[in-house]
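So the structure is just underneath, and the comments pick up after that.
The values are calculated or read from the model by the stated rules, or taken from the named source; none is laboratory data. Just so it is clear, the model here is predicted, and its values are computed rather than measured. Just so you know, the surface numbers come from the protein's heavy atoms only, side chains and all, with ligands and any DNA or RNA stripped out. Shrake-Rupley method; radii C 1.70, N 1.55, O 1.52, S 1.80 Å.
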Amino acid sequence: MELPGDYNGLRIGVQEVTRWGMRPDEMRMIAGLVADSLLQRRPASAIGDDARTLKAGFQRVKFALP
């Protein structure tokens, strides 16, 4: 429900996942994990397992300033 003047919400920055080299497909996966958690669609342990599996594919920073 939208309320006038209510600016609360969930904001997720993409800088860190971009720095690790993640792309739009990974962001869709992350959004799905967040939705699963917020909507309690799956157990937290299963969501955590999927998050760890996703991150395992990104072990080296791709973009950083010297």
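Quick check on my filter: what residues within the stretch 1-35 are within 20 Å of residue 48 (Cα to Cα) and aliphatic (A, V, I, L, M)?
10, 12, 14, 17, 22, 27, 29, 30, 31, 33, 34, 35 - these are the residues of the stretch 1-35 that are within 20 Å of residue 48 (Cα to Cα) and aliphatic (A, V, I, L, M).
Can you work out which of the residues in the stretch 13-57 that are among the hydrophobic types (A, V, I, L, M, F, W, C) and assigned to a loop (DSSP other than H, G, I, E, B) is most open to solvent (accessible area, probe 1.4 Å)?
Just the residues of the stretch 13-57 that are among the hydrophobic types (A, V, I, L, M, F, W, C), to begin with: 14, 17, 20, 22, 27, 29-31, 33-35, 38-39, 44, 46-47, 51, 54, 56.
Filter once more, so that each one left must be assigned to a loop (DSSP other than H, G, I, E, B): 14, 20, 22, 39.
Working: 14: 69, 20: 49, 22: 24, 39: 115 Å².
Checking each candidate, the answer is 39.
Test each condition in (1) at pLDDT below 90; (2) at positive phi for residue 14 and report the one that comes out false.
Condition (2) is where residue 14 drops out.
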